[in-house]
Structure formats: structure tokens, C-alpha cells
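Please treat every number below as a calculation from the coordinates, not as lab data. All of these numbers come straight from a predicted model, not from anything done at the bench. As a convention, Cβ positions derive from the backbone with ideal geometry for all residues, glycine included, and neighbour counts pool all protein chains shown.
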Amino acid sequence: MLRQHAEQYLAMRRALGFKLTTFGPKLLSFITYLEASGATVITTQAAVAWATSTARASTDRVHWARRLDVVRIFARHLKTLDAATEIPPDDVLPHRYRRITPYLYSAEQIAGLVTAAGRLRPPLRAATWQTVLGLLAATGLRVSEACRLDRDDVDLDHGVLTIRDAKFGKSRHVPVHPSTTEALRGYCGVRDRLCPAPVVPAFFVCTRGTRLDAANMPHVFASLLTAAGIPAVAGRRRQRIHDLRHTFAVATLLAWYQSGADVAARLPLLATYLGHVDPKSTYWYLTGSPELLGLAAARLEHAFRRQP
């Protein structure tokens with residue numbers, strides 16, 4: 001019965017547009033754990049036991065807390081159907097979530113990454129990686145969104161990308177700069193010459209004619225960081241390909257501030273362009289760089305001085 005409730009709950013949330021790529025497997029893993037012990041109801045004791053039963057280091061309380069959150073969220077739903085369900089209290093396995101500080105690439109570093117990608121072999125792999133990196137830097141797309149692009153999603157005549165079934169099931173149109181359109185057009189020529197018979201309709205393809213796999217990209221990107229001579233920052237995790245998205249957002253905000261534009265009025269436009277469902281996700285970029293914070297502070301100071 002627990003498994004049936006869990007599967008119905010996941011189906012309901014997916015119908016609302018949630019991907020649940022991590023949440024779903026974790027919840028079903030918990031259900032399997034309960035079934036193995038013969039349990040028929042959710043208890044706090046069982047939830048904590050499962051959450052702390054991973055092979056991760058015993059001091060990784062953040063990992064434990066995130067696993068327990070999965071149970072807690074489902075238990076709140078199940079409580080309305082089964083009064084015997086226990087909801088793990090919020091003070092069990094508490095942790096403080098710290099958002100990863102993004103790394104902001106310079107224009108020179110991005111150029112270095114693209115150059116390093118051009119040295120990959122075979123030539124189709126090099127062309128694919130060069131174009132993907134350039135597209136991510138120029139548009140701030142999520143890596144998964146770029147990989148999911150099909151040929152029909154790229155309108156080179158009008159310079160517009162159609163991002164389908166993005167995060168939270170949303171779709172959107174992303175206009176691109178003419179120079180980006182020409183780069184994409186150039187890639188099409190190389191791709192069609194080197195891979196005339198792909199097995200999928202993907203815009204970006206691997207040497208076997210298959211879709212570029214977003215899950216494998218961090219490994220290749222790490223090698224490009226080294227090849228481009230971009231050193232790791234002491235005391236921080238290695239730079240990520242996702243940081244290109246942060247870099248684009250911060251660069252856009254900086255340009256608006258420097259031009260004297262009304263940034264507050266334009267933020268919803270950036271949120272839509274980036275595919276943010278919650279504008280708070282876009283406001284977070286305001287803390288993305290000391291330069292941006294300085295410009296924002298100067299703008300506020302100027303506004304206060306103008307007050308009577």
C-alpha cells in the first residue's frame with residue numbers, strides 16, 4: 001500500500017510539471033527499505049534510520065538531512081490519507097543549506113575554453129563542444145536545455161531557440177544574437193558533413209550520431225579547464241560548466257547597471273529569458289559579484305541622496 005501511495009504521489013507531482021529526477025528514486029528507495037523491514041507505516045525512527053544508512057561519510061549531515069527531507073515531504077502528504085503516518089520533526093538532523101558560490105569566468109577564460117575544445121578529437125567532437133560552450137556563454141542556457149535541443153528547435157532564419165519541457169515542465173523562446181546564429185549555422189554545416197546520417201534529431205550530436213549527454217559533460221569540461229589553464233580556487237570546489245549560466249546572468253546585470261537602465265524593471269525579462277519560475281532565483285544573481293554589488297549600492301546611495 002505504501003508503494004502504491006508513493007507512486008500515485010510521484011505521478012501527481014510529475015503531472016504538475018516537476019521532474020523529480022532525484023526525489024523520485026530516493027522516495028522509492030525509502031519505500032523499498034520499509035518493505036524489507038516489514039513496516040506498513042512511516043515512522044520517524046525508520047525515516048532517520050534510512051536517511052543515515054548511506055555509504056557517504058558519517059559526518060555528512062547535509063546529505064542525511066536532504067534524504068530525510070524527501071521522507072518528510074511525502075509524509076506530510078500521506079498523513080492526510082493515513083493518520084498513523086509520522087512526520088519527522090524539522091529539528092531532526094538539522095542542517096544549514098549553503099548555496100554554492102558561483103565562479104564568474106572572464107571573457108578571456110571563456111575564449112580559452114572554446115580554444116581548448118577545438119583541440120578535442122575527432123573533429124566533430126571539437127565542433128560540438130566549441131559550439132555548445134559558445135551557446136551556453138552567450139545565452140545562459142542550462143546544460144540540459146542545450147543538450148535537449150532538436151534541429152526543429154533551432155530557427156536560424158529568425159534567430160530563435162525553442163526550449164521545450166525545461167525545468168518544471170515550462171517551455172520558452174530564446175532569441176539569440178546574430179553572431180550566435182551564424183555560429184550555430186556554421187556548426188550545422190560541419191555536423192552534417194561529418195555526421196550525414198545521425199540516429200536522433202538532436203541539434204548537437206556525438207561522433208556516433210547520438211544526442212550529447214548532459215551527464216557526461218562535467219567530466220569533459222573538467223579536462224577543458226585544465227587545458228585552458230584555468231586554476232582551481234583555493235578552498236572552493238572546481239569550477240563548473242553551470243557557472244557559464246551564472247556568468248551570463250551577472251554580465252547582463254552589469255551591462256544594465258553600467259548603462260543606467262532600470263534594473264528592477266528589467267529583472268522579470270531576465271527571469272523569463274533564463275527560464276526562472278520564481279523571480280527570487282534571478283534576484284540571487286545580484287549577489288553574484290563584488291562589482292555588481294558595488295554598482296547596486298552606488299545606485300541606492302544616489303537614490304537616497306536625491307530624496308528631499
How much length, in nm to one decimal, is gained on full extension between residue 277 and residue 150, taken as 0.36 nm per residue of separation minus their Cα-Cα distance? 43.4 nm
Pick out, in residue order, every one of the trypsin sites (Lys or Arg not before Pro) in segment 219-258 that is DSSP loop and has at most 16 other C-beta atoms within 10 Å; say none if there are none. 236, 237, 238
Throw me the Rg/Rh for segment 107-227, computed over C-alpha atoms with Kirkwood Rh, two decimals. 0.93
Counting Lys and Arg as +1 and Asp and Glu as -1 over every other residue whose Cβ sits under 15 Å from the Cβ of residue 241, the net charge comes to +2
I'd like the per residue volume of the convex hull spanned by the Cα atoms of segment 170-245, given in cubic angstrom. 156
Local net charge near residue 39, Cβ-Cβ under 15 Å (Lys/Arg +1, Asp/Glu -1): -2
Taking Lys and Arg as +1 and Asp and Glu as -1, residues besides residue 50 with C-beta under 11 Å from its C-beta add up to +2
